[in-house]
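The values are calculated or read from the model by the stated rules, or taken from the named source; none is laboratory data. For clarity, every value in this text was computed on a predicted model and none was experimentally measured. Cβ: placed from backbone, ideal geometry, glycine included. Neighbour counts: every protein chain shown. Keep in mind that these areas ignore ligands, DNA and RNA; they rest on the heavy atoms of the full protein, side chains included. Shrake-Rupley method; radii C 1.70, N 1.55, O 1.52, S 1.80 Å.
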Amino acid sequence: MSGQSSPPVIDGITPLQQMVASGSGAILTSLFVTPLDVVKIRLQAQKSPFPKGKCFVYCNGLMDHICVCENGNSKAWYKAPGEFSGTVDAFIKIVRREGIRSLWSGLPPTLVMAVPATVIYFTCYDQLCAALRLRMGEYAQEAPLLAGAIARVGSATMISPLELIRTKLQSQKQSYRELTACIRSALETEGWLSLWRGLGPTLLRDVPFSAMYWYNYERGKSFLTEWYKTGESTLTITFMAGAASGSVASIVTLPFDVVKTRRQVELGELQAKNLSCKASASTFCVMCRIVAEDGFRGLFAGLIPRLIKVAPACAIMISSYEFGKTFFRKHNQERTLRPLHSSNT
């Protein structure tokens, strides 16, 4: 006995190993999905160029980016129309004209913010789910529903101030060195609570999404494991379950995503014009405005693009996370058996 306390092990792995697995999954998701959304933004700009001073939202499956257009140009992923005939043609021409690095425009802020948030979220979910399953008895199957909701509330609340600051940095083209001045200015003019502006719509979208996603994922994974009689979930099973559960959750929560996107765009445009941001309308009022302008179908605008983005992002994230956990689980088992084997010999 060394006298050192070992880290708590849940499901065969430690919290640190869960963090490494989720961080690796977040990086892989960003690397795979970012080029797809870069190309999508270029194709959209070609069909309907964004006017000067307007904003658009760019999301690579893990994080939203608010981009302000100036003189028909903005960040690297939105440039002058490139005469693309399709997705494959856009990939080829962007790489040929601007280099392959341009396909990962917007990746640095994702790695700085979204990856830590994902690590917190996934690690908290696993810890909470394991604890709730022990305490909920015959209702243990509902543990993923509750754990997913609580984990999302915690991670969204922690990251919300950084989200608001990042939006200001992007819309006002400030450097990271001006970050302290930006925070101080927001606190002096609008108080501490201003750092959590927009948290309500974020929670209305993300908490139900997280609860449904994890519940459907766990049930779907169990069903597919029994269907294929594999004994334990494989990479293919986790990929399929993640894509299906992410699709269902994204469809149900799409109206809240539409509201959050509209608020982000309005906030970015106000900050780009150096106008003060007063208290925004409630989520219900924004929904009523959308219905009045575009009808009930307006609440489900962008359904297909959201599914095309969310389904692979969820599938890549969860399958890589599960793969990482499986790797560490086997590693821990080998470490445990190694001393026993050597003592027997």
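Brief remarks on what is shown
- Some residue of segment 191-198 being open to solvent by 20 Å² or more (accessible area, probe 1.4 Å) and at pLDDT 85 or above: no
- Those residues of segment 308-345 which are modelled with pLDDT under 85 and either hydrophobic (A, V, I, L, M, F, W, C) or in contact with a Lys or Arg (Cβ under 6 Å, 6 or more places away or on another chain) (or both), in sequence order: I308, L337, L340
- Conditions (1) in contact (Cβ under 8 Å) with a residue 24 or more places away in the chain; (2) buried (at least 16 other Cβ atoms within 10 Å of the Cβ); (3) of a type outside the set (D, E, K, R); (4) closer than 24 Å to M212 by Cβ; number of the one not met by A130: (2)
Per-residue answers, yes or no, for (1) part of a helix (DSSP H, G or I); (2) surrounded by fewer than 19 Cβ atoms within 10 Å (Cβ to Cβ); (3) at negative phi:
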site: V207; (1), (2), (3): yes, no, yes
site: M212; (1), (2), (3): yes, no, yes
site: Y215; (1), (2), (3): yes, no, yes
site: R219; (1), (2), (3): yes, yes, yes
site: E226; (1), (2), (3): yes, yes, yes
site: T230; (1), (2), (3): no, yes, yes
site: T236; (1), (2), (3): yes, yes, yes
site: M240; (1), (2), (3): yes, yes, yes
site: S245; (1), (2), (3): yes, no, yes
